[in-house]
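The values are calculated or read from the model by the stated rules, or taken from the named source; none is laboratory data. Just so we're clear, the structure is a prediction, and the values are computed from it rather than from any experiment. Heads up, the Cβs are rebuilt from the backbone with ideal geometry, glycines too, and the neighbour counts pull from every protein chain shown. In case anyone asks, the SASA skips ligands and DNA or RNA and just uses the protein heavy atoms, side chains included. Shrake-Rupley method; radii C 1.70, N 1.55, O 1.52, S 1.80 Å.
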Number of protein chains: 2
Amino acid sequence: VNVVAPEGALPGALLLSEIREQPAVLERLLERTGEIEAVAAEAIRRGTSIVRMVGHGSSDNAASFGVYAFGILPGWTALRDSISLSVYYGAEVDLRSSSVIALSQSGRTPDVVEYVERARRRGAFTIALTNDPASPLAEAAEAIVPLGAGEERAIAATKTYTAELAALTLLAAHAAGAGAAYVDGVRASAVLLAELIERLEPSVRALATTLAFVGRMFVVGRGPEFATAREISLKLMETCRVAAEPLTATDLAHGPVAALDALFPVWMIASNDASLPAVVDAAKRVRAGGGTILASGPAAGAIEGAAAVLAVPPPPLPLLGPLLSIAPGQVFAWALAQAKGLDPDRPNGLAKVTLAP
Amino acid sequence: VNVVAPEGALPGALLLSEIREQPAVLERLLERTGEIEAVAAEAIRRGTSIVRMVGHGSSDNAASFGVYAFGILPGWTALRDSISLSVYYGAEVDLRSSSVIALSQSGRTPDVVEYVERARRRGAFTIALTNDPASPLAEAAEAIVPLGAGEERAIAATKTYTAELAALTLLAAHAAGAGAAYVDGVRASAVLLAELIERLEPSVRALATTLAFVGRMFVVGRGPEFATAREISLKLMETCRVAAEPLTATDLAHGPVAALDALFPVWMIASNDASLPAVVDAAKRVRAGGGTILASGPAAGAIEGAAAVLAVPPPPLPLLGPLLSIAPGQVFAWALAQAKGLDPDRPNGLAKVTLAP
């Protein structure tokens, strides 16, 4: 039973409608395959061995995923570069074998644009991933991958984030000569994501009601799913006013586990890959520390003693897991905000485009 | 008036004695200048242009500082590398112009040792920064910088962290041909740090008492001081059970500011450098969001409307700021734990050496 009232009537209607749009956004991005392939070819031609990603908020979270996409597929060193190092501290780093990928929904984040201008002057191949191909960022970069997510009206980004994940995957896959398999994989993921979101909407509401009191959370993911942990934390902070902190399974054991108690739930993302034993071990430490576990991800069933399970279907290819694993977090944040009496479309003190220094 | 009771009588006595030891640890490290210079020379001889740092907890926080030390001084690309990318996901990245710096107090963290073994086989120049020159990590690496911090008995690391900061600074400075200036700078910092710690101990207690109710905090720092923000957050999590999250000034504006309320203080580290306007702007957003500000760092006075100020003297060289800025956080964590009735020497569920997968 779908208990969602007509859109527009509810707080969070904008956020929910954009969460639902995501499968269509992924399918639209696949129409850009030719352009993405050409950008990847140019990165190779320019001798890329390092990918420097820059962005803020959700875009920076997508970059966390890019570290794995480029590391695993073409075997490139990919990093979330420090914007302040070049823009504020004037560091003069050799950029000749670097490609820069600047991620920005609006293409108007000032320090991201400035970073790209500097990097381009210093010889990097510069690529803009943005929704607005007429933005200053698109102007500053040599190449553009238009995300085509359409106008994002909710303040908490959702469809831009998944479009960024998919664009990074497709760039990395084309650079590794594996474009066709990943195009098929993203297409299949879009279908799975649509089913998942529909299934989550009614079921997550009950869970959110029982957790309406929560003010602190850890969100644990490892490898490519660390991006998911960061993005879920950000949604919980901005829409639910929860002090949510993303951690790798190993980070958790090195200190933060000491902070847990029964009112401090831990959201754990488990995948069927080599990181699973570390996540399962971390879950044991959480239980021993008295924390409540919410298990999610395709291997959620491997987490023992979870108070709630938000399962995710297995992805068509292992690296595509984060395209699906983010959905439970987005829908949960939408539901938890309402359970707390907050409107997730009106976060305290936030504007859609941040023009801060 | 120093109100501290005799050591051994108080919870947190171990932690406090190691906080106080830090100036002596810095001076001892300077006796290793010849060894550090030789390691830097070998890194240059091996054609280093990328520095890959690996470590967990406080060691990973020190690596955040290394990004700036190597970027600003020799102009090298430095990154906190993903351990899981090579150890769990088998990524095959070209490491020929890479130096690896593995940071571990004990030298016994299993995945750090495994990362170093793999990187060495793939052609990286591998350097261990550890307290134990007979550890498996020291064995696995080609070069060792012994931190010489002495046995660290408190579970929350303090003196190892500052020794790591100083060792990274000296490696970067020698690589840039600026060794002598930084040796002098670290020596002068040790003197300032000793005075600072003595001054902080009595004054911080009153502040901690008024904040005993705190369960959530953000800690904001930018550039080299982001490492300080991460390390203060970790101390607060592990000794005070506070959900403390490190953020850059820009991160804060991109979402987390929405979570603030009057019971959610923000610790802000301000330095007299190009990042100051961003930190001052972030402080305005915190006040507008209803958060309470604790201002720290050498430019703490530039933060308007702070509820408390924990000033830090100007460092002898700008990059050495984090050697001093960490002290207020360490002493505050020690005092806040006691104000909350916790023993910072007995965190819940933590052991000194984490042997998790």
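Residue B:280 meets the conditions (1) within 10 Å of chain A (Cβ to nearest Cβ); (2) open to solvent by less than 10 Å² (accessible area, probe 1.4 Å); (3) among the β-branched types (Val, Ile, Thr) in every case but one. The failed one is (2). Here residue B:156 meets the list (1) surrounded by fewer than 24 Cβ atoms within 10 Å (Cβ to Cβ); (2) over 24 Å from residue B:74 (Cα atoms); (3) among the hydrophobic types (A, V, I, L, M, F, W, C) almost entirely, failing just condition (1).
Of the residues in the range A:203-212, none is assigned to a helix (DSSP H, G or I) and in contact with an Asp or Glu (Cβ under 7 Å, 6 or more places away or on another chain). The single condition among (1) open to solvent by 10 Å² or more (accessible area, probe 1.4 Å); (2) at pLDDT 95 or above; (3) under 29 Å from residue B:41 (Cβ atoms) that residue B:192 does not satisfy is (3).
Residues of the range A:13-31 that are in contact with a helix residue (DSSP H, G or I) (Cβ under 9 Å, 6 or more places away or on another chain) and open to solvent by 80 Å² or more (accessible area, probe 1.4 Å): A:20, A:27, A:28. Evaluated against (1) closer than 29 Å to residue B:15 by Cα; (2) open to solvent by less than 10 Å² (accessible area, probe 1.4 Å), residue B:136 falls short on exactly one condition, (2). Yes or no: the range A:51-58 includes at least one residue that is over 30 Å from residue B:249 (Cβ atoms), open to solvent by less than 10 Å² (accessible area, probe 1.4 Å) and not small (Gly, Ala, Ser). No, the range A:51-58 contains no residue that is over 30 Å from residue B:249 (Cβ atoms), open to solvent by less than 10 Å² (accessible area, probe 1.4 Å) and not small (Gly, Ala, Ser).
Residues that are more than 8 Å from every other protein chain (Cβ to nearest Cβ), among the basic types (Lys, Arg) and open to solvent by 10 Å² or more (accessible area, probe 1.4 Å) within the range A:204-238 comprise A:205, A:230, listed in sequence order.
Is it the case that residue B:176 is under 17 Å from residue B:44 (Cβ atoms) and touching a Pro at 6+ places or on another chain (Cβ under 9 Å)?
In short, yes.
Of all residues in the range B:267-284, which are out of contact with any strand residue (DSSP E or B) (no Cβ under 8 Å at 6 or more places or on another chain), outside any loop (DSSP other than H, G, I, E, B) and either among the charged types (D, E, K, R) or touching a residue at least 12 places away in the same chain (Cβ under 8 Å) (or both)? Within the range B:267-284, B:276, B:278, B:280, B:281, B:284 meet the criteria.
So which residues in the range B:239-255 are in a helix (DSSP H, G or I), out of contact with any strand residue (DSSP E or B) (no Cβ under 6 Å at 6 or more places or on another chain) and open to solvent by less than 10 Å² (accessible area, probe 1.4 Å)? Please lay out each step first, then the result.
Taking the range B:239-255 first, the residues in a helix (DSSP H, G or I) are B:239-240, B:249-253.
Filter again for out of contact with any strand residue (DSSP E or B) (no Cβ under 6 Å at 6 or more places or on another chain), leaving B:239-240, B:250-251, B:253.
B:239, B:240, B:250, B:253 - these are the residues of the range B:239-255 that are in a helix (DSSP H, G or I), out of contact with any strand residue (DSSP E or B) (no Cβ under 6 Å at 6 or more places or on another chain) and open to solvent by less than 10 Å² (accessible area, probe 1.4 Å).
Among the numbered conditions (1) within 14 Å of another protein chain (Cβ to nearest Cβ); (2) under 30 Å from residue B:25 (Cα atoms); (3) part of a helix (DSSP H, G or I); (4) touching a strand residue (DSSP E or B) at 6+ places or on another chain (Cβ under 6 Å), the only one that residue B:328 does not meet is (1).
Residue pairs whose Cβ atoms lie under 7 Å apart, separated by 6 or more positions or on different chains, with the first residue in the range B:79-97 and at the interface with chain A (Cβ under 7 Å from one of its Cβ atoms) and the second basic (Lys, Arg), are B:79/B:52; B:84/A:222.
Checking the condition at pLDDT below 95, aliphatic (A, V, I, L, M) and either under 17 Å from residue A:137 (Cβ atoms) or open to solvent by 10 Å² or more (accessible area, probe 1.4 Å) (or both), which residue from A:63, A:91 passes? Please lay out each step first, then the result.
Working: A:63 fails: at pLDDT below 95.
Matching residue, one of A:63, A:91: A:91.
Restricting attention to the range B:239-267 and to residues that are β-branched (Val, Ile, Thr) and at the interface with another protein chain (Cβ under 7 Å from one of its Cβ atoms), the residue that is nearest to the chain's Cα centre (by Cα) turns out to be B:242. Taken as a whole, the condition of being within 11 Å of another protein chain (Cβ to nearest Cβ) and polar (S, T, N, Q) does not apply to residue A:135. Kindly indicate the residue of the range B:285-331 that is in contact (Cβ under 8 Å) with a residue 40 or more places away in the chain and more than 28 Å from residue A:85 (Cβ to Cβ) and also most open to solvent (accessible area, probe 1.4 Å) among those meeting that condition. The qualifying residue most open to solvent (accessible area, probe 1.4 Å) is B:307.
Residue B:270 meets all of the listed conditions (1) facing another protein chain (nearest Cβ under 7 Å); (2) touching a helix residue (DSSP H, G or I) at 6+ places or on another chain (Cβ under 8 Å) but one, namely (1).
Taking the criterion of being under 19 Å from the mean Cα position of the chain (by Cα) and modelled with pLDDT of 95 or more, the only residue of the range A:108-125 that qualifies is A:112. Restricting attention to the range A:155-165, the residues that are in a loop (DSSP other than H, G, I, E, B) and under 12 Å from residue A:103 (Cα atoms) total 0. If the condition is being in contact with a Lys or Arg (Cβ under 8 Å, 6 or more places away or on another chain) and over 18 Å from residue A:277 (Cα atoms), then the range A:297-331 contributes A:329, A:330. In this structure, residue A:288 does not qualify as within 13 Å of chain B (Cβ to nearest Cβ) and in contact with a Ser or Thr (Cβ under 7 Å, 6 or more places away or on another chain).
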